[in-house]
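Contents: one structure, followed by commentary.
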Amino acid sequence: MKLDIHNPVHAELISRYLNREMDDKEIDEFEGLIEVEEDNIKLIKSLEKQWAMIGKRPASSPDALHAWKKVHSRLEHEGLIPDASQFRKKASNRNLLLAAAVLLILVGVSAVIYWSMFRDKRQANWLSLNTTSENYTQVLTLPDGSIVYVAGNSSLSYPEVFSSDERVVDFKGEAYFDIAPDPEKPFVIRTGDGIIEVLGTSFTVRSGQQGDFELLVDKGMVKVVLEDQPSKQALVGPGEAVSAIAGELKKSFPGNEGNNNWYLKRIHFKDEKLFTILNVLNRNFNTTFVVAAPEIGQRKLTVTFDKESVETLTEILCISLNLKSQISNDSIILSDQSAATRENLRTN
């Protein structure tokens, strides 16, 4: 027979066994029943471990019985227990109530353990970027391909891998977000003051420590919600801005001049792949860099660009990564310098 903790009779047996209320004969019979099914063995072992974590035997505690009665009464009143009249008859059996109390506590312990493990795993898989007061914008590519230009004295926390149904990050400070489109997975930024939800767009966010909050949209449409007052929302379009002032969202229309590409004046890449660096350069500086081979794009580089010309950008990349460049069809092709040297040696 397979044990089922939702079966009142089985629940009572399990409770009595775990609470050592069986005599020797009953223990032998119950353990024989356990060994009939592999699932029974796994169930009892799991319950015994959780029982040990409780640190006491709640089935013998009047408080546990009293707590279960109160919970049961409330659930029954709210119609959450099917066939309550039959359950009341069985509930008169003290052992059944005790068994229910035990299972209630075990479920609670399991939930706490699971949540603790989930929380620790979530925290362990999240990464953080904290910028200093240095006068540059640090460029970061998120797991979905979105690009964030983070100003000084700012912090960004994000998961190593986004979940299957959402893209959520935590941010404080100032940054320009260029979000990769994905209609199935909205991108959500939590600032502590407001919640920003987008599908694919670009905008500047300023979120300070004193509850001030401002967003300026460059492209696309953004939804802003006050975190502590979800009923207060605003849709913000290109050239529009919204600020949180005294618990209210105030829209303004500064136009695109308010953005002024501030995030591109001095940009810094820290241990970023060449593919990412070239993507940023091509999107913002009218360049057309390409790599001759995919493995070249995987090379990592830490570098700062400060309003350099295309020629200087090319020179910095080539010297830093031992590459050579050539122009073909208006594209700057970057190839492996060492490979080219080896080819020349073979031909000569």
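Taking each residue of the range 234-249 that is assigned by TED's automatic domain parsing to the domain that holds ILE196 and looking for partners that are aromatic (Phe, Trp, Tyr) and not in a strand (DSSP E or B) with beta-carbon atoms closer than 7 Å, six or more apart or interchain, yields GLY239/PHE253; GLU240/PHE253. Of all the residues in the range 233-259, those that are of a type in the set (Gly, Ala, Ser), modelled with pLDDT under 90 and under 29 Å from the mean Cα position of the chain (by Cα) number 2.
For the range 186-220, how many residues are of a type in the set (Asp, Glu) and free of Cβ contacts under 8 Å to residues at least 40 places away in the same chain? Please lay out each step first, then the result.
Looking only at the range 186-220, we keep the residues that are of a type in the set (Asp, Glu), and these are 193, 197, 212, 214, 218.
Restricting the remaining residues to those that are free of Cβ contacts under 8 Å to residues at least 40 places away in the same chain gives 197, 212, 214.
Within the range 186-220, residues that are of a type in the set (Asp, Glu) and free of Cβ contacts under 8 Å to residues at least 40 places away in the same chain number 3.
Scanning the range 129-161 for residues that are among the hydrophobic types (A, V, I, L, M, F, W, C) and over 24 Å from ASP182 (Cβ atoms) yields a single hit, ALA151.
When the residues of the range 292-324 are filtered to those that are of a type in the set (S, T, N, Q) and over 19 Å from ASP336 (Cβ atoms), the one that is surrounded by the most Cβ atoms within 10 Å (Cβ to Cβ) is THR304. Of the residues making up the range 221-232, one or more are closer than 30 Å to LYS270 by Cα, free of Cβ contacts under 8 Å to residues at least 60 places away in the same chain and within 22 Å of the chain's Cα centre (by Cα).
Is the range 289-299 home to any residue that is out of contact with any helix residue (DSSP H, G or I) (no Cβ under 9 Å at 6 or more places or on another chain) and either within 30 Å of VAL205 (Cβ to Cβ) or without any contact (Cβ under 8 Å) to a residue 12 or more places away in the chain (or both)? Before you say what the answer is, go through the steps one by one.
Looking only at the range 289-299, we keep the residues that are out of contact with any helix residue (DSSP H, G or I) (no Cβ under 9 Å at 6 or more places or on another chain), and these are 295.
Then drop every residue that is not either within 30 Å of VAL205 (Cβ to Cβ) or without any contact (Cβ under 8 Å) to a residue 12 or more places away in the chain (or both), which leaves 295.
The answer is yes, given that some residue of the range 289-299 is out of contact with any helix residue (DSSP H, G or I) (no Cβ under 9 Å at 6 or more places or on another chain) and either within 30 Å of VAL205 (Cβ to Cβ) or without any contact (Cβ under 8 Å) to a residue 12 or more places away in the chain (or both).
Restricting the search to the range 269-291, which residues are farther than 16 Å from ILE147 by Cβ and either buried (at least 18 other Cβ atoms within 10 Å of the Cβ) or within 32 Å of the chain's Cα centre (by Cα) (or both)?
So in the range 269-291, the residues farther than 16 Å from ILE147 by Cβ come out as 286, 288, 290-291.
Within the range 269-291, VAL291 is the sole residue that qualifies.
The values are calculated or read from the model by the stated rules, or taken from the named source; none is laboratory data. The structure displayed is predicted, hence computed values, not measured ones. Every residue, glycine as well, gets a Cβ built from its backbone with ideal geometry; the counts of neighbours run over all protein chains shown.
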